[in-house]
Structure formats: structure tokens, C-alpha cells
């Protein structure tokens, strides 16, 4: 049972059927695999007390990172819905001497993950259980990373108020490019020069000045670009405190959300294959199993999920 469920959390049900038979010589049907995964999945996601991954404590870590993101999964009769994903990890200063603006200053280790289909509040509860079980608040420093999504920063303010809140540098840079392409449509060289000129301003923590500059551009822009430029100005203005990249980096805090974005890609590899579509319950039941496999804690959790197996 453990092997079959673990395989199904990594591979499609069809691949699980084939690999399981090759490894064990035992033939099982797709229906049997699906029913077992649904049964185990239901046990692994109690309504009021989601299981922590049992990953080791991070209380002695110099810095703990908490990342949040989302990705889309196709649900039968509902269409594409967002699955929210979170990670808790230890962040170590990168010994590389590289110090340019595109090089992350830390590396991640000891990652654990949670996933949730539904509201930010439900996701936030699951992530908080994981973070608390790993004693994130006992670390010397902590940081929450994400893009500009409002739900991420609402959760960060409520659940991780003592942590540094950091907008991913690469997302911020993408917004610089969005402004440049609005200012210089079909002029890639001029757009690139504008981004290069203003990236240092952003890195140095002056997103508020960028917001003022882009607001001025919006006022003078053709009518069809004014709203888009005003939106970009608002992005920089509202995230100013979360864009103190030089200060964050000096404190050996992560400035990139690559850890959680990589996790989203890993999750999608199992959940978003070609032509793949889930029932809502089928997806909800496999999410905690996929998270446990990615966290490398599936075998630790198995006795709690199936105590008589």
C-alpha cells in the first residue's frame, strides 16, 4: 500500500500501474490504485488539524524563509482553479563572490511544502501549522517571499508579522520591463537601456521614486497606455517597503522566490500533465500526498496516515 500510494504521488495513475507491476510482479487496476489513494488522502487531510510534515526543526537556523505562490489545475466541470503552495526552508548565505543584481545571495535547504485548493485562509492555516511545527519563529531571522499578490501579503501581515516581507526580485524586474515596453513599444534596445538604467534604483530600495516617475510617464502617455502605466506605478508604490533589496541582501536574506516557484513546477509535473483533469475531491486527496513526497517526509507520515497498515 505504501509503495503504491507513494508512486501515485509521483507519477500518473497509468504510470503507477505499470511501474508497480514491474517492480513487484503484482498486477493492480487503475481503479484499485485510485481508490487507495483517495482513501489514504482523506485520512491525511483532517478538516481541523492538517498534518505537519514532521520535517526537522529550524529553530537553530540563521535564517528561515517562507515562500508562497499559486498554480493552476484543471478541475472537471469547474475549469482552471488555483492551487496555493507554500514552502518553509532554511536559507544559507551563498559563498559565491558574485554580487551582481541577478545573482541570488542565499541558497535554500531542508524545504518542506504544503498545498491547498481553496481560500487563502485555508491555505494560511495549513502553512502556519507547518511553520510552527518547524519552530520558524525561533530562528535568528525570517523572511516571507512572494510576488505582488495581495493574498500573500495579507497572510504575511497576519501570520508572520515579525518576518521581513520581500517581493521577489525577478517579479519586480518583470514589472520594470512592463514599464519599459509601454514606454518604448517595438523598440527593444531602448526598452533594455531603460531597464538597465532603473534596475539599480529599484535594487537600492527606491521603488517609491520609481512609482513617482512612472506616474509622471502615465500622465504624459497616449491614452491607450495611461491605465497600464498607472497600474505599474501602483505596484511599485504599494510594495516599496518589500523592495529594499540592497538592505535585505546585506542581511543575508533571500530576495528571490525561486524555491517556491520551483516547488510549483514540481507539483505541476504530477498534477498538470497533458490532458489531465481532476475531480475536486480527487485533487484535494492527492495534494497532501504530493506535498509529503516533495518534502521527503512521506515515509515518516505513513504510520500516522495508516496506523494499521
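From the list 52, 47, which residue is in a loop (DSSP other than H, G, I, E, B), modelled with pLDDT under 95 and out of contact with any helix residue (DSSP H, G or I) (no Cβ under 7 Å at 6 or more places or on another chain)? First the steps, then the outcome.
Working: 52 fails: out of contact with any helix residue (DSSP H, G or I) (no Cβ under 7 Å at 6 or more places or on another chain).
Within the list 52, 47, the selection yields 47.
Name the residue that is surrounded by the most Cβ atoms within 10 Å (Cβ to Cβ), counting only residues in the range 103-117 that are over 20 Å from residue 293 (Cβ atoms) and in contact with a strand residue (DSSP E or B) (Cβ under 8 Å, 6 or more places away or on another chain). I'd like the intermediate steps shown before the answer.
First, pick out the residues of the range 103-117 that are over 20 Å from residue 293 (Cβ atoms): 103-107.
The next check asks that each one be in contact with a strand residue (DSSP E or B) (Cβ under 8 Å, 6 or more places away or on another chain); those that pass are 105-107.
Details: 105: 21, 106: 23, 107: 16.
The residue in question is 106.
Which of the residues that make up the range 273-304 are surrounded by fewer than 18 Cβ atoms within 10 Å (Cβ to Cβ) and under 23 Å from residue 77 (Cβ atoms)? Walk me through how you get there before you give the answer.
The first filter runs over the range 273-304 and keeps only residues surrounded by fewer than 18 Cβ atoms within 10 Å (Cβ to Cβ), leaving 273-277, 279-282, 296, 299-300, 303-304.
273, 274, 275, 276, 277, 279, 280, 281, 282 - these are the residues of the range 273-304 that are surrounded by fewer than 18 Cβ atoms within 10 Å (Cβ to Cβ) and under 23 Å from residue 77 (Cβ atoms).
Identify all residues within the range 287-301 that are within 23 Å of residue 117 (Cβ to Cβ) and assigned to a helix (DSSP H, G or I); write none if there are none.
First pass over the range 287-301, keeping only residues within 23 Å of residue 117 (Cβ to Cβ): 287-298, 301.
Matches in the range 287-301: 287, 288, 289, 290, 291, 292, 293, 294, 295, 298, 301.
Looking at this structure, is residue 189 more than 30 Å from residue 60 (Cβ to Cβ), at pLDDT 95 or above, in the same structural domain as residue 229 (by TED's automatic domain parsing) and in contact with a helix residue (DSSP H, G or I) (Cβ under 9 Å, 6 or more places away or on another chain)? If you could, list the steps in order and put the result at the bottom.
Values: more than 30 Å from residue 60 (Cβ to Cβ): yes; at pLDDT 95 or above: yes; in the same structural domain as residue 229 (by TED's automatic domain parsing): yes; in contact with a helix residue (DSSP H, G or I) (Cβ under 9 Å, 6 or more places away or on another chain): no.
No; evaluated as a whole, the condition is false for this residue.
Report yes if some residue within the range 134-142 is part of a strand (DSSP E or B) and touching a strand residue (DSSP E or B) at 6+ places or on another chain (Cβ under 9 Å); otherwise report no.
Initially, the range 134-142 is screened for residues part of a strand (DSSP E or B), giving 141-142.
Retained after the next criterion (residues that are touching a strand residue (DSSP E or B) at 6+ places or on another chain (Cβ under 9 Å)): 141-142.
There is at least one residue in the range 134-142 that is part of a strand (DSSP E or B) and touching a strand residue (DSSP E or B) at 6+ places or on another chain (Cβ under 9 Å).
Would you pick out the residues in the range 252-278 that are touching a strand residue (DSSP E or B) at 6+ places or on another chain (Cβ under 7 Å) and not in a helix (DSSP H, G or I)? Break it down into steps so the answer makes sense when it comes.
Looking only at the range 252-278, we keep the residues that are touching a strand residue (DSSP E or B) at 6+ places or on another chain (Cβ under 7 Å), and these are 252-255, 257, 259-261, 263-264, 267-268, 271-272, 276-278.
Once the filter is applied, which keeps residues that are touching a strand residue (DSSP E or B) at 6+ places or on another chain (Cβ under 7 Å) and not in a helix (DSSP H, G or I), the range 252-278 yields 252, 253, 254, 255, 257, 272, 276, 277, 278.
Of the numbered conditions (1) surrounded by 21 or more Cβ atoms within 10 Å (Cβ to Cβ); (2) more than 17 Å from residue 85 (Cβ to Cβ); (3) at pLDDT 95 or above, residue 240 fails exactly one; give the number of that condition.
Unmet for residue 240, out of (1) surrounded by 21 or more Cβ atoms within 10 Å (Cβ to Cβ); (2) more than 17 Å from residue 85 (Cβ to Cβ); (3) at pLDDT 95 or above: (1).
The values are calculated or read from the model by the stated rules, or taken from the named source; none is laboratory data. Because the structure is predicted, anything quoted here is derived from the model rather than measured. Note that each Cβ is placed from the backbone with ideal geometry, even for glycine, and that neighbours are counted across all protein chains shown.
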